[in-house]
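The structure appears below as structure tokens.
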Amino acid sequence: MKKEKPDILVIGSGAAGAALTERLSSLGAKVVCLEQGDWVDPQNYPSANPDWEASMRRGPWNTDPNIRRRPEDYPVVNDGSHPPKIMMFNAVGGSTIHWAAHFVRFHPSDFRVRTLDGVAEDWPICYEELEEYYDTNDRIIGVSGLSGDPANPPRTPRPTPPLPLGVLGETIGSGFNKLGWYWWVSDNAIISRFYNGRPPCSLHGKCQYGCPIAAKGSADVTYWPKALKNGATLITKARVREITLDRQGRARGVLYYDPDGNLHEQLSKVVVVCCNGVGTPRLLLNSTSKLFPDGLANFSGLVGKNFMVHPFRFIEGVFEERMDGWKGPFGIPAMSQHFYETDSTREFVRGYTFLLERSHGPVHQAWGGHTGNPIPWGKNHHRIMRERFGHIIRVSVMGEDLPEEHNRVELDPKVRDSSGIKAPRVYYHLSENSQHMLDHGAVMAKRVLEASGAYRTFDSGPVMGVTHLMGTARMGIHPTKSVVNKFHQAHDVKNLFIVDGSSFVTAAAANPTSTIGALALRAGDAIWDLRHDLV
Amino acid sequence: MKKLTRRGVLKRSLKTSIWAVGITPYCTTLRLMYGADFWDEKRYHRTLRAAADEIIPSVDDMPAASQVKVINYISLVLEKDIELLRLIVATLDWLQNQSQTRFGRDFYQASSEQRIDLLKVLERGAQGSEIGLLNRVGPDLFVAFRNLVYEAYYTNPEVWPAIGYEFHSTGGIGPAMKPFDESILDEVCKRPRYYREIPNEEGKT
């Protein structure tokens, strides 16, 4: 069944797809978005129930699609010497549904890593080109925070003031002050005041398990209402099998399955892929043709390669006093970028961010918290549980991963999703640079926790739970070294664009969602400006 | 923190008959899976209760697992999760068989020391802890069992006051927290710029 041909077809309704759809529809484009998941009903969020923590392990709210297995999920095969546990969510709003909403920006140096530090590559754009889009994205999403951080470029006043730090934030902040290290209250996509018809955060702390009051700025409650009001069309439960080409080698449209398994064709003048750093290469590699036997837009051979994550290491400090880390939004109260930039005296290049983080509830603590130290069973159980639960501050070391071609997303030869589409296989090896970086971070984290008053610390070691998926269809000037140009336009297919974390050239030591949104807004403007040249 | 008394918790627990609530459906499933001879409901629940109470025993003012309806909770979870049900039943069956072999008695009738000893064997994965029926190894099954007991225990609102936890449903009012006070950043504000500026083409930042 043929559908009316829109100007723009967007595949994926997450942070990038939502912003892009809203932007283009506001400019006057006819936009259709296909999303393999569906709207999430806030009534179904587990955060309303006493057994919400159980949803971390079992059932339809686990962040790992291999455990969750909703109809719209596809399996992800994890491989390599450090197999990553890929986390994502397939729904309207994408992974912003189970997002913690930490909303930091890249630094100017993140766009010039090759020039400055002799590793990775430079982006074809700079921080200044993205600045206005960061601001616009912040305003639409609704961000809480405070301008004036000397470790970041100046920025406009935040839409709402910072969320409460709590005893936890004040305690760790005092530790940083004692050491003379830089730290700041973090930007979060969680509003602290009424904003654009949405109520402020009620401080429940279950952000990753759904925010039914829409204080968290997930894409389904921020960009999507605006996009739909602009006249954009969103088709849910539409699983795209492949992007098709016309005889001139341009994107013709897509083939997708509806929930009953019927195959449909959606034509479009322009196709934009926004399926995240694993889903995007998967779709491109599944879209083979005579012209592109190795995957669509893959003359460079780089589709799927240079897969980057943020290597993590969690250090938990135990305090005599109550920190009550379960109180307050799970978005990061504060962060430190004291070790963000390259220091040639260290054993690694680039750096890391300390995320000064809250906790989940008692079940998660009993299971072992973030450092994998379960409360012992037996006669000492209660004593140790009382020592730890509510007495912990976690400092998460989030390192900047460097792009390496052997870290990659390919298609698994055997595993397929329920529609018969080949599943992605993700290979990952934690580099020596990252290992040194995390080792350094662990030592420094312990130091600041002890300066804050911790009497004991736990260390998770390197952690491969991965929700930041980047680099697999990166931007660049040269078609042999990149998949898309500075406007996210595929070098090899004029009317195909790729806009999501896969476009990233470097990972920074910053959560990617703010940058993904800013890039998507900028890409929307670029596509609109180029529209007459694309058809 | 409000203290729970063992007596108070026990009184409330005894009001609920675990035999009546949630047991039957998966008992039927297990009979269908394993056959009537394999399955003994009373023995299963006694084993489950005895094992759970060694995982979280009663100490001072804190109740044992079975005293806060952990068995109930586990029963309801296992109704919906056949895979987990198989693991838990196989684990309990191993404990029961080992208790008979080593001590000549049912697990629930063994002494606490004997029960703890068997649980430690399972946890360590020492020889004999392989669960032949499922071709699985002891430690991962022990972890699944332990975690389920923990989940059941700490999901019970009766326990929360004793550990200082307040659950706030996202449908209601959240915890009280002091508003952010900018003065905590006064020291940082005095410090110089700390990010790397990038020179433009003219060499100016």
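The values are calculated or read from the model by the stated rules, or taken from the named source; none is laboratory data. Treat the numbers as computed from the prediction; the structure is a model and nothing was measured. Virtual Cβ from ideal backbone geometry, glycine too; neighbours counted across all protein chains shown. The protein model used for the area step is the full one, side chains on, heavy atoms only, and it has no ligands, DNA or RNA in it. Shrake-Rupley method; radii C 1.70, N 1.55, O 1.52, S 1.80 Å.
Do you know the relative contact order of chain A, to the nearest whole percent, from alpha carbon pairs under 8 angstrom that are 6+ apart?
Values: 1376 pairs, mean separation 125.0, N = 535.
Computed over chain A, the figure is 23 percent.
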- Note on the structure: Under the helix-only model (-39500 (n - 2.57) for each DSSP H run of 4 or more, divided by the residues of chain A), the mean residue ellipticity at 222 nm, to 500 deg cm²/dmol, is -7000 deg cm²/dmol
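Provide, as a two-decimal number, the C-alpha radius of gyration of chain A over 2.2 N^0.38 Å, N being how many residues it has. If you can, show how the numbers build up before the last one.
Details: Rg = 22.2 Å, N = 535, 2.2 N^0.38 = 23.9 Å.
For chain A, the normalised Cα radius of gyration comes out at 0.93.
Would you work out the charge dipole size for region A:125-185 about its Cα centre, treating the Cβ of every Lys and Arg as +1 and the Cβ of every Asp and Glu as -1, and quote it to the nearest 20 debye? Don't skip to the end; give the middle numbers.
Details: 4 positive and 8 negative charges, 72 e Å.
Charge dipole, region A:125-185, about its Cα centre: 340 debye, nearest 20.
Looking at chain A, what % of its DSSP beta bridges pair antiparallel, to the nearest 5? Write down the numbers at each step before the final one.
Working: 48 of 70 bridges.
Taking every DSSP beta bridge within chain A, about 70 percent pair in antiparallel fashion.
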- At a Cα cut-off below 18 Å, give the aspartates and glutamates reachable from residue A:216, other chains included and same-chain residues fewer than 8 away excluded. A:41, A:135, A:138, A:187, A:357
- Item | Residues with amide H under 5 Å from that of residue A:64, placed H, sequence gap 5 or more | none
- Run down the aspartates and glutamates and flag those whose C-alpha is under 17 Å from the C-alpha of residue A:290, throwing out any fewer than 8 positions away in its chain. A:242, A:246, A:492
- Residue-normalised accessible area of the protein assembly as shown, given per residue in Å² at a 1.4 Å probe: 38 Å²
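Residue A:250 to residue A:44: FRET efficiency via 1/(1 + (r/R0)^6), r the Cβ-Cβ distance, R0 56 Å, to the nearest 0.05? Don't skip to the answer; put the middle values down first.
Values: r = 41 Å, r/R0 = 0.73.
Given R0 = 56 Å and the Cβ-Cβ separation, E is 0.85.
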- May I ask which residue of B:64, A:465, B:161 lies farthest towards the positive end of the charge dipole of the protein assembly as shown, with charges of +1 (Lys, Arg) and -1 (Asp, Glu) on Cβ and the Cα centre as origin? B:64
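Magnitude of the Cβ-charge dipole of region A:418-520, K/R +1 and D/E -1, about the Cα centre, nearest 20 debye?
On the way: 9 positive and 6 negative charges, 50 e Å.
Taking the Cα centre of region A:418-520 as origin, the dipole is about 240 debye.
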- Could you point to the residue in A:409, A:369, A:445 farthest towards the positive end of region A:356-459's charge dipole, with +1 and -1 charges on the Cβ of Lys/Arg and Asp/Glu respectively? A:369
- Task: Please arrange A:513, A:353 by accessible surface area, largest first, computed with a 1.4 Å probe and ligands excluded.
- Result: A:513, A:353
- Item | 21 Å Cα-Cα threshold exceeded, pairs from B:69/B:120; A:446/B:190; A:30/A:229; A:226/A:269 | B:69/B:120; A:446/B:190; A:226/A:269
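Work out the length of the dipole vector of the protein assembly as shown about its Cα centre, built from +1 on the beta-carbon of each Lys and Arg and -1 on the beta-carbon of each Asp and Glu, and round it to the nearest 20 debye. Walk me through the numbers on the way to the answer.
Details: 87 positive and 84 negative charges, 329 e Å.
The calculation lands at about 1580 debye.
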- Task: For region A:389-405, just list the computed ³J(HN,Hα) in residue order, Karplus coefficients 6.51, -1.76 and 1.60, θ = phi - 60°, integers in Hz, with x standing in for Gly and Pro.
- Result: 5, x, 10, 10, 10, 9, 10, 9, 8, 10, x, 7, 7, 9, x, 9, 4
- Message: Let me cross-check residue A:95: its accessible surface, 1.4 Å probe, with only protein heavy atoms counted, in Å² to the nearest 10?
- Response: 40 Å²
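Compute the length gained on full extension between residue A:156 and residue A:66: take 0.36 nm times their separation in residues and subtract their Cα-Cα distance, giving the result in nm to one decimal.
Details: separation 90, 0.36 × 90 = 32.40 nm, distance 4.08 nm.
Once the chain is fully extended between residue A:156 and residue A:66, it gains 28.3 nm.
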- Item | Top positive-direction residue, dipole computed over the protein assembly as shown with Cβ charges, set A:289, A:485, B:55 | B:55
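Put A:468, A:478 in order of accessible area, largest first, 1.4 Å probe: what do you get?
Details: A:468 25, A:478 105 Å².
Of A:468, A:478, the descending order of accessible area is A:478, A:468.
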- Could you order B:146, A:193 so the one with the most accessible surface comes first? Probe is 1.4 Å. A:193, B:146
- Message: Give the aspartates and glutamates whose C-alpha is closer than 19 Å to that of residue A:379, dropping any in the same chain fewer than 8 places away, or say none.
- Response: A:387, B:53, B:54, B:60, B:61, B:113, B:117, B:123, B:151
- Message: Can you give me the long-range amide H partners of residue A:240? Hydrogens built in the peptide plane at 1.01 Å from N, cutoff under 5 Å, separation of 5 or more residues or another chain.
- Response: A:257
- Phi-based couplings in Hz for region A:199-208 (Karplus 6.51, -1.76, 1.60; Gly and Pro marked x): x, x, 4, 9, 6, 5, x, 10, 3, 6
- Query: residue B:103 versus residue A:406, label points 7 Å from Cα toward the beta carbon: distance in nm?
  - Reply: 5.2 nm
